[in-house]
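J.: Below are the C-alpha cells for one structure; questions will follow.
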Amino acid sequence: MAGQALTGLRVIDFTWVGVGPLLTKYLADFGAEVIRVESRTHLDPFRYAPPFVEDKPGVERSGQFLALNTSKRHVTLNLNHPRGRDLARRLIAHADVVAENFTSHVMAQWGLTYEELQRIKPDLVMISLSMEGRTGPHCDVAGFGTVLQAAAGLCQLTGWPDREPTVPGVAYTDWTTPFFGLVALLAALDYRRRTGRGQYIDVSNLEVGVQCLETAILDYTVNGRVQSRAGNEWMVGDLPGTAPHGVYRCQGDHHWCAIAVWNDEEWRRFCDVLGHPPWTQEPRFTTTLGRVKHRDVLNELIEAWTSGLPAEEVMRRLQAMGIAAGVVQNAADLKRDPQLQYRGNAIVLDHPEVGTQRYDAPSFHLSASPAQPQPVPLLGQHNADVFQGLLGLSAAEYEALEAEGVFT
C-alpha cells in the first residue's frame with residue numbers, strides 16, 4: 001500500500017513453518033509485496049498444526065499458519081517440476097529479495113542457490129534461515145526450534161537445580177531469529193541502495209539461541225564456571241544474588257505474581273507494603289545476605305501474604321512503592337490486558353474460510369508509515385494474478401502448465 005515503509009519491495013518467499021514466515025510477515029505488514037510460494041504436494045507443516053479455528057482441522061484453519069501469513073500474496077508451484085523451477089526463476093528476476101529456510105541441499109537441488117540466482121538478478125538480496133548456518137560441520141542438520149534450544153544451551157539453564165534440563169514452553173529461537181534476520185535483511189537492502197550490489201545473508205538459529213544465554217558463555221570464559229539451572233533464583237556466581245526473588249501464589253486458582261527485591265532499601269519499602277508484620281523485623285531478614293540464606297522460610301512467609309490478595313493488587317501495591325512486581329499472565333489475561341489493548345496489539349481481519357478473527361499486530365510502531373496488515377490469502381489465491389499478470393503468461397499457456405501439474 002502507498003505510504004508504507006516497504007512499499008515497492010518485492011519478496012519471493014519460499015519459507016515455511018515458523019522462522020521464515022514470521023520474518024516475511026513483517027515485511028508484508030509494512031508494505032512489501034511478499035509472494036508466498038508453496039506446493040500442494042508438500043504443504044507447509046504449520047497448516048496441520050493446532051490450534052485450529054473452532055477446533056476444526058483444515059489446511060486453511062491452523063491458527064499458527066494464519067498468524068504468520070498476513071498481508072502476503074500466495075501462489076502454488078511444484079518446484080520438483082522443471083517448468084515449475086523455470087517459473088520460479090522468472091519470478092525471481094522481478095524480485096528484490098528471496099527468502100528460504102529449507103535444509104541446505106534443497107535450494108541446490110532445485111538450482112536456486114544464490115550463486116545461480118545472481119545470474120538472473122545481479123543485485124538480488126537472498127536470505128537463508130537454517131538450524132546451524134549454511135557452513136560448518138553441522139550445516140546439514142535438520143530440525144525445529146524445540147530441539148535447537150538444547151544445542152544452544154537454553155535447556156541447560158531452564159528448570160530446577162535438582163531436576164533434569166527442561167525444554168522451555170515455546171521454541172524461543174523460532175520467535176527471536178526472525179528479528180535478527182529482519183535487521184540483517186534491511187541492512188543488506190540499505191547497502192544495495194547505496195552501492196547497487198546485492199548479497200547473501202546466512203542466519204543461524206543456533207547462533208541466535210546462543211545470544212539468549214545472557215552471561216553463561218562469558219562466565220565460563222573468564223571464571224571457568226558452567227552455569228546451570230537455578231529455578232527462580234537470580235544467581236551471582238554460585239549463590240543467589242538477592243531475596244525475595246520468585247513467583248508467589250496469589251488469591252484464587254493459578255494466579256501468581258513475580259516479585260524481586262534487589263537491596264536493603266527496597267526491602268524496607270517492601271515491609272512498608274506488608275504493614276511490618278513481626279517476622280519482617282527478625283535479624284535473619286534484615287540484610288540481603290540473611291534473606292538469601294533463609295530464603296525458603298522467607299518465601300513461605302511472603303506467600304502467606306500474597307495468597308490473600310488478587311495478583312493484580314499485589315502488583316499494584318508493590319509497584320506503587322517502586323518494587324519490581326508483575327502478574328503472571330495467561331492467554332486470557334493478555335487478551336484483555338489494558339496496555340496491549342491501548343497500543344493496538346490485536347487486529348481483526350476477515351478470511352473466506354475462518355471468518356473474522358483476531359491476529360497479533362506488529363510489535364513495534366512506525367509513526368509516519370505504520371503497518372497495515374491485510375487478510376491471510378487462501379492456498380493459491382493469486383496464481384492467475386502472479387503468473388498471468390506479473391509474468392505475462394497467456395490464458396492458454398497458464399492452462400497448459402496447470403494441466404501438467406506445474407501449479408500443484
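J.: What is the set of long-range amide H partners of Y248 at a cut-off below 5 Å, with H atoms built 1.01 Å from backbone N?
T.: C257, A258, I259
J.: In deg cm²/dmol, rounded to 500, what helix-only [θ] at 222 nm does the chain give when every DSSP H run of at least 4 residues adds -39500 (n - 2.57) and the total is split over its residues?
T.: Result for the chain: -10000 deg cm²/dmol, rounded to the nearest 500.
J.: Can you tell me which of 141-147, 244-250, 29-35 comes out highest on packing, and rank the rest after it, using the mean Cβ neighbours within 10 Å?
T.: Descending mean neighbour count gives 29-35, 244-250, 141-147.
J.: Starting from the stretch 343-402, pick out the chymotrypsin sites (Phe, Trp or Tyr not before Pro) whose DSSP state is loop and whose Cβ has at most 13 other Cβ atoms within 10 Å.
T.: Here the chymotrypsin sites (Phe, Trp or Tyr not before Pro) that fit, given the DSSP loop and packing criteria, are F364.
J.: How charged is the neighbourhood of Q388? Take every other residue with its Cβ under 12 Å from the Cβ of Q388, and add Lys/Arg as +1 and Asp/Glu as -1.
T.: Computed value for this residue: -4.
J.: Among DSSP beta bridges lying fully in the chain, give the percent that are antiparallel, nearest 5.
T.: Once the DSSP bridges in the chain are tallied, antiparallel ones form about 45 percent.
J.: Here's a follow-up. Around G241, which amide H atoms from residues at least 5 apart in sequence, or from another chain, sit under 5 Å from its own amide H, with H modelled in the peptide plane?
T.: W234, M235, V236
J.: Residue separation times 0.36 nm, minus the C-alpha to C-alpha distance between D162 and A384: what's the value?
T.: 74.0 nm
J.: Considering Cα pairs under 8 angstrom that are at least six residues apart, work out the relative contact order of the stretch 1-157 and quote it in whole percent.
T.: 22
J.: Taking the Cα centre of the stretch 297-361 as the origin, how large is its charge dipole in debye, to the nearest 20, when only Lys and Arg (+1) and Asp and Glu (-1) carry charge on their Cβ atoms?
T.: 220
J.: Among A151, L274, Y398, whose Cα sits farthest toward the positive end of the charge dipole of the chain (+1 at Cβ of Lys/Arg, -1 at Cβ of Asp/Glu, about the Cα centre)?
T.: Y398
J.: Moving on. Give me the net charge for the shell around G196: Cβ to Cβ below 14 angstrom, other residues only, Lys and Arg +1, Asp and Glu -1.
T.: So the surrounding residues net to +2.
J.: Still on this structure, please answer the following. What's the exposure ranking of K121, K56, going from fewest to most Cβ atoms within 10 Å?
T.: Exposure proxy ranking, most exposed first: K56, K121.
J.: In degrees from 0 to 90, rounded to the nearest 10, what is the angle of the helix 82-93 Cα long axis to the longest principal axis of the chain?
T.: Approximately 70 degrees, to the nearest 10.
J.: What lysines sit close enough to K25 to cross-link, taking a C-alpha to C-alpha distance under 30 Å and skipping anything fewer than 8 places away on the same chain?
T.: The qualifying lysines are K56, K72, K121, K335.
J.: Next question, about the same structure. How high is the relative contact order of the stretch 294-408, in percent, with contacts defined as C-alpha pairs under 8 Å that are six or more residues apart?
T.: Relative contact order comes out at 11 percent.
J.: What does the charge add up to near V354, with Lys and Arg as +1, Asp and Glu as -1, over the other residues with Cβ less than 10 Å from its Cβ?
T.: -2
J.: Highest first, please rank the peptides 3-10, 369-376, 62-69 by the mean number of other Cβ atoms sitting within 10 Å of their residues.
T.: Packing proxy ranking, top to bottom: 62-69, 369-376, 3-10.
J.: Remind me, relative contact order of the chain in percent, using alpha carbon pairs under 8 angstrom and six or more residues apart?
T.: 18
None of the figures in this text is laboratory data; all of them are computed from the coordinates on show. Here the structure is a predicted model, which is why all the values come from computation and not from measurement. Note that we place each Cβ from the backbone using ideal geometry, even for glycine, and neighbour counts take in every protein chain shown.
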